[in-house]
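The values are calculated or read from the model by the stated rules, or taken from the named source; none is laboratory data. Because the structure is predicted, anything quoted here is derived from the model rather than measured. Ideal geometry is used to build each Cβ from the backbone, glycine not excepted, and the neighbour counts take in all protein chains shown.
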Amino acid sequence: MERNVRLIPAHQAVASSLVWLPIFVLFTRARFDLDGAILLASLYYLFVVVLEVPSGWFSDRVGRVITLRIAAASWVIAHLCFLLGYQHFSVVLVGQALMATGFASLSGTDVSFHYDTLEALDRAPTFERRQARVASIGFTATSVAVLSGGAMGLIDLRVPFAVAAALAVVQFGLTLRLAEPPHVRPDPLHQPQLRIWLSYWRDLPLAWLFAYGIALVTLEHVSFSLMQPWLTEALDRTSDDLGATPLLSGTVFAVTAAIGALAARASAPASERFGPAQTLVGLGVLSSVIVTSMAASTSVVILAFVILRSVQAAAAPVIISAAAAPRLERTHRATFLSLNSLAGRLGYGLILLSLSTSSDDDLTGPLVALAAIAWTLVVLTAVTIRPLRASEL
C-alpha cells in the first residue's frame with residue numbers, strides 16, 4: 001500500500017500528460033469540418049455514457065488496478081488510430097471509442113483507488129488534502145504537456161499523437177506496479193443492497209452532489225469544446241491555414257492547466273471557508289462567465305477569462321469526491337461516481353449532437369446556446385441549495 005501512495009502522483013502525472021489536447025479539434029476540423037469535429041466530440045461523450053457504468057461496476061467488483069490497466073491500454077491503441085488512420089472518419093471514430101474507454105475506466109476508479117489505499121493504511125481523513133495535491137500534480141503535468149503538444153502541432157498535427165502513444169505505454173507500465181487495496185467482494189444485488197442504494201437518494205446532500213455532478217460535466221466543458229476553433233478566429237485564421245494557432249492553443253491550455261493546479265490545491269481551503277455547496281455554485285458562475293465572453297467576442301482580450309476555465313474542472317471533482325466518499329459504502333464509490341459522470345456526459349453529448357447538425361461552420365450559434373445552457377444550470381444549482389442546512393454539506 002505504501003508503494004501505491006508513492007506511485008499515485010506519478011500515475012496521475014503521466015495520465016494527465018494530454019499532449020494532443022490543444023490540437024485535437026484543430027485536427028478533426030481540418031479533416032471533417034466543424035460539423036464533423038462537433039459530431040466526433042458528441043459521439044465521444046456518448047461512448048463514455050455506454051462505458052461509464054460497466055467500468056465503474058467492473059472497478060468495484062473486479063478491481064481498481066486492472067481497470068486502470070485497461071484505461072492505459074485503450075489509450076495506446078486510440079492514439080495509434082489517430083496517428084495512422086487520420087484520413088478516415090471511421091478509424092478516428094474507433095480511436096474516439098477507445099479514448100472514451102480509457103477516460104471511463106479512469107473516471108471514479110483513480111479517486112476510489114486513492115481513497116481505498118489510504119483507508120487500508122488508516123489515513124482516510126487525509127484524503128481531501130492528498131487528493132487535492134495529486135490533482136494539482138496532474139494539472140501541472142497537463143500544463144507542460146499541452147504547451148509541448150502545441151509546439152509539436154506546428155510541425156504536424158499528428159506528432160502529438162505519437163508522443164501520446166509513448167506516454168500511454170509508460171502509464172501502462174506504472175499500473176503494473178500498483179497493488180490492489182484490500183477488496184471486500186460485495187454481495188449480489190438483492191433487497192438489502194437495493195435499500196442501501198435507495199437510501200443514498202434520500203440523503204439530501206448526497207442527492208444534491210449527484211445533481212451538481214451532472215451539471216458539472218456541461219459547466220466545465222462549455223468553454224472547452226469550441227475553444228480551439230475560437231482561437232483560430234481570434235487570430236483571423238482558417239481551418240486550412242492555422243498559422244500559429246496550435247502554439248497559441250498549447251500556450252493557453254498550459255496556462256489554463258497551471259491555474260488548475262493552483263485551484264486544485266486551493267479547493268479544500270475554499271470548501272472549508274465557504275462551504276462545499278456554495279463553492280461549487282461559485283465555480284459554476286465562473287464557467288458561465290467564460291463561455292458568455294467567448295460568445296460575445298473573438299478578441300484576444302477574452303483570453304483573460306478563457307485561461308480560468310480549468311478552475312472548476314480542477315476544484316469541483318475534489319470537493320465532490322471528499323463530500324460524497326464518507327457517505328458511500330466502499331463497494332459503491334466508483335459506481336456512484338461513474339453513474340454521476342454518465343448522466344452528465346449523456347446530457348452534454350446530446351447537447352453537442354444537436355449542435356453538430358446546425359453549426360454550418362459558424363461558432364456564434366453554438367457558443368450562444370452553450371452560454372444559455374450554462375447559466376440555466378447555475379441558477380438551478382443555486383436555487384436548490386437553499387433546503388440544505390450548512391451543517392449537512
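Do we find that residue 17 is within 16 Å of residue 103 (Cβ to Cβ), touching a Leu at 6+ places or on another chain (Cβ under 8 Å), of a type in the set (Gly, Ala, Ser) and assigned to a loop (DSSP other than H, G, I, E, B) in this structure? Answer is yes for this residue. Applying the set (1) in contact (Cβ under 8 Å) with a residue 60 or more places away in the chain; (2) touching a Ser or Thr at 6+ places or on another chain (Cβ under 8 Å) to residue 47 leaves exactly one unmet item: (1). Based on this model, can you work out whether residue 40 counts as out of contact with any Gly (no Cβ under 9 Å at 6 or more places or on another chain), under 21 Å from residue 165 (Cβ atoms), surrounded by 21 or more Cβ atoms within 10 Å (Cβ to Cβ) and in contact (Cβ under 8 Å) with a residue 60 or more places away in the chain? Taking the combined requirement at face value, the residue does not satisfy it.
All told, residue 49 meets the bar of being under 16 Å from residue 337 (Cβ atoms), in contact with a helix residue (DSSP H, G or I) (Cβ under 6 Å, 6 or more places away or on another chain) and either crowded, with 20+ Cβ neighbours inside 10 Å or at pLDDT 95 or above (or both).
Considering the range 209-247, and only residues there that are among the β-branched types (Val, Ile, Thr) and closer than 23 Å to residue 156 by Cβ, the residue that is surrounded by the fewest Cβ atoms within 10 Å (Cβ to Cβ) turns out to be 238. Residues of the range 255-266 being within 26 Å of residue 235 (Cβ to Cβ) and surrounded by fewer than 22 Cβ atoms within 10 Å (Cβ to Cβ), which ones? Within the range 255-266, 255, 258, 259 qualify. Which members of the range 137-168 meet the condition of being surrounded by fewer than 16 Cβ atoms within 10 Å (Cβ to Cβ) and in a helix (DSSP H, G or I)? Result: 155, 166. For the range 224-253, the tally of residues that are more than 21 Å from residue 141 (Cα to Cα) and either in a helix (DSSP H, G or I) or touching a His at 6+ places or on another chain (Cβ under 9 Å) (or both) stands at 7. Go through the range 287-335 and give me each residue that's touching a Lys or Arg at 6+ places or on another chain (Cβ under 9 Å) and either modelled with pLDDT of 90 or more or basic (Lys, Arg) (or both). 287, 290, 291 - these are the residues of the range 287-335 that are touching a Lys or Arg at 6+ places or on another chain (Cβ under 9 Å) and either modelled with pLDDT of 90 or more or basic (Lys, Arg) (or both).
Could you grab me the full set of residues in the range 67-119 that are among the β-branched types (Val, Ile, Thr), under 19 Å from residue 46 (Cβ atoms) and touching a residue at least 24 places away in the same chain (Cβ under 8 Å)?
Correct list: 92, 101.
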